[in-house]
Amino acid sequence: MSGRSALTPNCRSYVRETAGSGGHAEELSRLAALKDRGAITEAEFAQAKAKVLAT
């Protein structure tokens, strides 16, 4: 990999759009909702969650 995340374009877009909007708990809740709806996979959720928690 060239330093880019393995997140799908939709997931990357979502993370960019919501970054800094309400804190970690709200972000994780939104990610969980996306996963529950099937909008992102378990792997995408795990990657996005790790990214949120790393900030």
Checklist outcome for this item: Residue separation between A46 and E17 times 0.36 nm, minus their alpha-carbon distance, gives in nm 8.7 nm
Checklist entry - Counting only the heavy atoms of the protein chains, how much of L53 is accessible to a 1.4 Å probe, in Å² to the nearest 10? => result 100
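The values are calculated or read from the model by the stated rules, or taken from the named source; none is laboratory data. Just so it is clear, the model here is predicted, and its values are computed rather than measured. The accessibility values were calculated without ligands, DNA or RNA, using every heavy atom of the protein model including side chains. Shrake-Rupley method; radii C 1.70, N 1.55, O 1.52, S 1.80 Å.
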